[in-house]
Amino acid sequence: MFKHLLVPVDGSELSERAARTSLELARQLGARVTGFVAEPMPPLPSMSSNAAVYARQTDEHLAQSEAHAREVLAQFSTMAADMGVPYEGKFQRNDDIDDAICHAAAAFGCDLIVMVTHGRGAFGELLYGSHTKNVIGRTQVPLLVLH
């Protein structure tokens, strides 16, 4: 069956549900879990950007995004330890979150991706997009979608 689950998380209430459910599943299967956070790259400078200000903003963005990722992965790690599930946290900067998830699953040797969906419906997907739907279309790894 499944031995290595990739669980993309972002710190939201929905991703916490994915973390808990994936850990319960992993415990039942005797599998391990890799928590994964993809943070966006800093925005590009505008034509009117001051180089010194842009550099400071970029450094702040990088520090904040890394701190956020570490915090989310630490919470996931605590849940995994409490449930006795082998766990590893990974963090990557990438503007294409869907692509980052697909590549992470392949790179880390995962055999199942566990994701949550907001279930916004067609209009919500039109406005906000759907990472889950995009991952389904891009990956060869089975995907368990939680709602």
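General remarks:
- Consider the stretch 8-46 and keep the residues that are out of contact with any strand residue (DSSP E or B) (no Cβ under 8 Å at 6 or more places or on another chain) and among the acidic types (Asp, Glu). The one that is surrounded by the fewest Cβ atoms within 10 Å (Cβ to Cβ) is GLU13.
- Of all residues making up the stretch 76-114, the number that are within 15 Å of LEU23 (Cα to Cα), among the polar types (S, T, N, Q) and within 16 Å of the chain's Cα centre (by Cα): 1
- Out of GLU88, GLU66, sole residue that is over 19 Å from LEU146 (Cβ atoms) and either touching a Gly at 6+ places or on another chain (Cβ under 6 Å) or touching a residue at least 40 places away in the same chain (Cβ under 8 Å) (or both): GLU88
- Long-range neighbours under 8 Å by Cβ, at least six apart or interchain, first residue at positive phi within the stretch 7-27, second assigned to a helix (DSSP H, G or I) and surrounded by fewer than 18 Cβ atoms within 10 Å (Cβ to Cβ): GLY11/HIS68; GLY11/GLU71; GLY11/GLN75
- Restricting ASP59, ASP98 to residues that are modelled with pLDDT of 80 or more, among the acidic types (Asp, Glu) and in contact with a helix residue (DSSP H, G or I) (Cβ under 9 Å, 6 or more places away or on another chain) narrows the list to ASP98.
- Scan of the stretch 106-147 for residues that are at pLDDT 80 or above and small (Gly, Ala, Ser), ordered by number: ALA106, ALA107, GLY109
- Failed item in (1) within 13 Å of the chain's Cα centre (by Cα); (2) modelled with pLDDT under 95; (3) not small (Gly, Ala, Ser), with LEU73 passing the rest: (2)
- Any hit, the stretch 69-84, residues being part of a strand (DSSP E or B) and either more than 25 Å from HIS131 (Cβ to Cβ) or in contact with a strand residue (DSSP E or B) (Cβ under 9 Å, 6 or more places away or on another chain) (or both): no
- Check on GLU88, at pLDDT 90 or above and more than 20 Å from GLU13 (Cα to Cα): yes
The values are calculated or read from the model by the stated rules, or taken from the named source; none is laboratory data. No experiment lies behind these values; they were computed from the predicted model shown. Cβ: placed from backbone, ideal geometry, glycine included. Neighbour counts: every protein chain shown.
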